[in-house]
Amino acid sequence: MSHKLLIIGSGGREHALAWKLSQSPKVKKIYIAPGNAGTSQLGENVAIPATDIEALADFAEKKKISLTVVGQDDPLALGIVDKFKKKNLKIWGPCKEAAQIESSKAFAKNLMQRAGIPTARFQTFGNYDHALKYLESIGAPIVIKASGLALGKGVTVCKTLAEAKKALKEAMVDKAFGDAGNEVVIEEFLEGWEFSVHAFCDGKSFKLLPSAQDHKPVFDGGQGSNTGGMGTIAPVPWVTSDIMADVSRNIVTPILKILKKDASPFVGLLYPGLILTKEGPKVIEFNARFGDPETQSLMRLMKSDLLDVLNASVEGKLDQIDIEWHKGYACCVVLASGGYPGKYEKGLPITGIEQAEKMKDVVVFHAGTKIDRGQLITNGGRVLGVTATGETLKAALDKAYAAADLIKFEGKHYRTDIGASSLASS
Ligand code: AMP
Ligand code: GLY
């Protein structure tokens, strides 16, 4: 059968998914809603926002889409999967109830506590005065999190009590993250190295992807504000098979079990963000979709046909397939607009991508880009993801950085230390 697919989202993740899916001999056509300049080279962009789930369902029905792939988190939280299923449309992703594992930190924390999953100690507050009193009683370092979805920006890691009080007031009183801050989670600061694990899930079983590591702060050395992610490596050389087995047994298995029992079986991609503490891996958060930019590295490593995996996931047949991965390493260096994650300019011309992609093992994924009267221009905070593969992590990083240098736009900013702290253990 030849498939017509619809991918929902507009970031580097969606370009990477479209890139991988377009390699499947079974795929006839890919639509991306709303997509970016990169996805328009692989399929047809559709001008429907990722959150207009009604219009997306109508589109999928009209175009006889054989599988819809949800990249972004907000349509999941809005119940896109439930909506499509009601119309008998095939869609890959968790239903609204299961997606709460990401959309409500309080929900996730509660399930983790009940399932005995290792995570930071925490308390949830809906009342500012109570939250403040608690904060004063335990002091810093401490982490303040808006409970709802806040585009990755609702979390403040506070080194001092003064910082923590300011963050709490911003979230709960000043409503810096809107309604996401009506409820706040105050949690223990976990010390250790961060990594993430992605798992394809089919409601009954799951398959892990290689480990990955994002770099969230905007500047080298982990300085500056947190962003959506400035670059990734995969696999992470210090994440041993024992650690992956620990994550599989003590984190992924029990969360899927309790989700199935108390909410709804999880179908789609489960992505726990983790910290490797002295006591072993602990969960910082669960995401209910692919990470971005993690996916840009992971898709470069995937050997199997992604369409087969997604179909097996939707059909509850993951245990019947093997997923193959290329040997070696992949990395992604994000080229961001000057000023990101704060204010930045849009509409600046971009050059050099073709040259960069002429380099062996380099693929450039688009995130915040668009084409305006034939000219490629910047259109977001994270503009491009320069990915490369290599036999060693160093080889992959060297290629990605050489390619990143060839790409120009005014104000271009990127971290120069992606993967650097892992080189010694690779
Ligand atoms: P999140 O949006 O929950 O992924 O949090 C954003 C970032 O804040 C994470 O990637 C971590 O670097 C940091 N973070 C969150 N929770 C904790 C914690 N309990 N201890 C230490 N760092 C944390
Ligand atoms: N890379 C972080 C995220 O996708 O949430």
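On the stretch given as segment 293-315, residues that are part of a loop (DSSP other than H, G, I, E, B) and open to solvent by 10 Å² or more (accessible area, probe 1.4 Å) total 4.
Which residues, counting only those in segment 286-312, are among the hydrophobic types (A, V, I, L, M, F, W, C) and within 14 Å of ligand 1 (Cβ to nearest atom)? Those that are among the hydrophobic types (A, V, I, L, M, F, W, C) and within 14 Å of ligand 1 (Cβ to nearest atom): F286, A288. Among the residues of segment 266-292, those identified as part of a loop (DSSP other than H, G, I, E, B) and either open to solvent by 10 Å² or more (accessible area, probe 1.4 Å) or under 17 Å from L190 (Cβ atoms) (or both) are K278, E279, R289, D292. Being more than 26 Å from H326 (Cα to Cα) and within 16 Å of ligand 1 (Cβ to nearest atom) is the filter here, so list the residues in segment 254-285 that pass it. Passing the criteria: I255, T277, K278, E279, G280, K282, V283, I284, E285. Within segment 31-40, the set of residues being open to solvent by 10 Å² or more (accessible area, probe 1.4 Å), free of Cβ contacts under 8 Å to residues at least 40 places away in the same chain and not in a loop (DSSP other than H, G, I, E, B) comprises Y31, P34. Screening the candidates A120, A146, A199 for the property of being touching a Leu at 6+ places or on another chain (Cβ under 7 Å), under 25 Å from I255 (Cβ atoms) and within 16 Å of ligand 2 (Cβ to nearest atom) yields one hit, A199.
There is no residue in segment 297-307 that is closer than 11 Å to F195 by Cα, modelled with pLDDT of 95 or more, within 16 Å of ligand 2 (Cβ to nearest atom) and small (G, A, S).
Residues in segment 354-388 that are farther than 12 Å from K412 by Cβ and hydrophobic (A, V, I, L, M, F, W, C): A356, M359, V362, V363, V364, F365, A367, I371, L376, I377, A388.
Regarding G368, is this residue under 23 Å from the mean Cα position of the chain (by Cα) and under 20 Å from L17 (Cβ atoms)? So G368 passes the test. Quick check, is A388 under 29 Å from S425 (Cα atoms), at pLDDT 95 or above and under 21 Å from the mean Cα position of the chain (by Cα)? Here the answer is yes, as A388 does meet what is asked.
For (1) open to solvent by 30 Å² or more (accessible area, probe 1.4 Å); (2) more than 30 Å from C332 (Cα to Cα); (3) within 14 Å of ligand 1 (Cβ to nearest atom), each residue gets a yes or a no:
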| position | (1), (2), (3) |
| --- | --- |
| K165 | yes, yes, no |
| A171 | no, yes, yes |
| G192 | yes, no, yes |
| F206 | yes, no, no |
| H215 | no, no, yes |
| G222 | yes, no, yes |
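Quick check: is even one residue across segment 111-131 touching a Ser or Thr at 6+ places or on another chain (Cβ under 7 Å), in a helix (DSSP H, G or I) and open to solvent by less than 50 Å² (accessible area, probe 1.4 Å)? So far as segment 111-131 goes, yes, one or more of its residues are touching a Ser or Thr at 6+ places or on another chain (Cβ under 7 Å), in a helix (DSSP H, G or I) and open to solvent by less than 50 Å² (accessible area, probe 1.4 Å).
Counting only helices (runs of 4 or more DSSP H) that sit completely within segment 343-426, those holding 1 or more residues that are closer than 20 Å to G228 by Cα, touching a residue at least 40 places away in the same chain (Cβ under 8 Å) and open to solvent by less than 50 Å² (accessible area, probe 1.4 Å) correspond to 393-406. Of the set (1) touching a Pro at 6+ places or on another chain (Cβ under 9 Å); (2) farther than 23 Å from V27 by Cα, all apply to P254 but (1). Do we have P210 as modelled with pLDDT of 95 or more, within 16 Å of ligand 2 (Cβ to nearest atom) and either buried (at least 16 other Cβ atoms within 10 Å of the Cβ) or within 22 Å of A288 (Cβ to Cβ) (or both) here? It is true that P210 is modelled with pLDDT of 95 or more, within 16 Å of ligand 2 (Cβ to nearest atom) and either buried (at least 16 other Cβ atoms within 10 Å of the Cβ) or within 22 Å of A288 (Cβ to Cβ) (or both). Modelled with pLDDT of 95 or more, in contact with a strand residue (DSSP E or B) (Cβ under 8 Å, 6 or more places away or on another chain), open to solvent by less than 20 Å² (accessible area, probe 1.4 Å) and part of a strand (DSSP E or B): does that describe I255? Here the answer is no, as I255 does not meet what is asked.
Can you tell me which residue within segment 162-196, out of those that are within 16 Å of ligand 2 (Cβ to nearest atom) and hydrophobic (A, V, I, L, M, F, W, C), is farthest from L310 (Cα to Cα)?
Checked segment 162-196; the qualifying residue farthest from L310 (Cα to Cα) is F177.
Of all residues in segment 309-327, those being under 22 Å from the mean Cα position of the chain (by Cα) and either touching a residue at least 60 places away in the same chain (Cβ under 8 Å) or within 23 Å of D214 (Cβ to Cβ) (or both) number 10. Out of the residues in segment 147-163 meeting the condition of being assigned to a loop (DSSP other than H, G, I, E, B) and open to solvent by less than 70 Å² (accessible area, probe 1.4 Å), tell me which one is modelled with the highest pLDDT. Selected residue: T160.
The values are calculated or read from the model by the stated rules, or taken from the named source; none is laboratory data. Here the structure is a predicted model, which is why all the values come from computation and not from measurement. When we count neighbours, we look across all protein chains shown, and the Cβ atoms used for this are built from the backbone with ideal geometry, even at glycine. Calculation scope for accessible area: heavy atoms of the full protein, side chains included, ligands and nucleic acids excluded. Shrake-Rupley method; radii C 1.70, N 1.55, O 1.52, S 1.80 Å.
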